[in-house]
Each structure stands twice: as C-alpha cells, then as structure tokens.
Amino acid sequence: MDEVQQITDLPASALRFWEEQFSCLNPRKDSDGNQFYTMENINLIKQIKFFHFDLGIDEISMIISFSHKSGPCPIKMKEFDKIFTPLK
C-alpha cells in the first residue's frame, strides 16, 4: 500500500474508504493482510481522484453514476484519457 500511496499521493485512509465504495477496486490480500494492487486498480484510483479532487465531485454516488455510464468499472471519460495515460 505504501507504494500506491506514493504513486497516487493519497493517504491509506482514502484508499481504504474507496475500496469500500467501489466494488471493482479490490486489491488482493495475502495471509498477513498485505494488499497488492494491480495496474488496473491504480488506474481506477487515479480516475476516482480526478473526479473527486480535480472536478470537485464530493458525492461518491455521483462518481459511481459516471462509472456506470460505460459499465461498472473502470470509469471511462474522454477528458480523463486526454489528461492521464493509464499505467501498464
């Protein structure tokens, strides 16, 4: 999780909260409880962060609503794709 915090510049509390709110944001956990995020997870976190901080959308339900327009996950938006290149 530390590495994801550095990549996304988000605290662990925000990441945990978003994991509860977005069912497709589900990092794998090992037997010790350590979380392992995929590149898809990190890209989704960056998209959620864009909606929340850059666009100022505070309501999780609105962000989820945007995500359901193109399927449950990941969020797709032309403006986001122009600004951020997904990690590979």
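Which residue pairs have Cβ atoms closer than 9 Å, lie 6 or more positions apart in sequence or on different chains, and pair a first residue in region 1-20 that is free of Cβ contacts under 8 Å to residues at least 24 places away in the same chain and open to solvent by 20 Å² or more (accessible area, probe 1.4 Å) with a second residue that is in a loop (DSSP other than H, G, I, E, B) and among the polar types (S, T, N, Q)?
Every condition considered, the pairs that remain are Glu19/Asn26.
Looking only at region 34-88, count how many residues are in a helix (DSSP H, G or I), at pLDDT below 70 and loosely packed, with under 12 Cβ neighbours inside 10 Å.
7
The values are calculated or read from the model by the stated rules, or taken from the named source; none is laboratory data. Note that the structure is a prediction, hence the values are computed from the model and not measured. Every residue, glycine among them, receives a Cβ derived from its backbone with ideal geometry; neighbour counts consider all protein chains shown. Areas reflect the complete protein model, heavy atoms only, side chains present, ligands, DNA and RNA absent. Shrake-Rupley method; radii C 1.70, N 1.55, O 1.52, S 1.80 Å.
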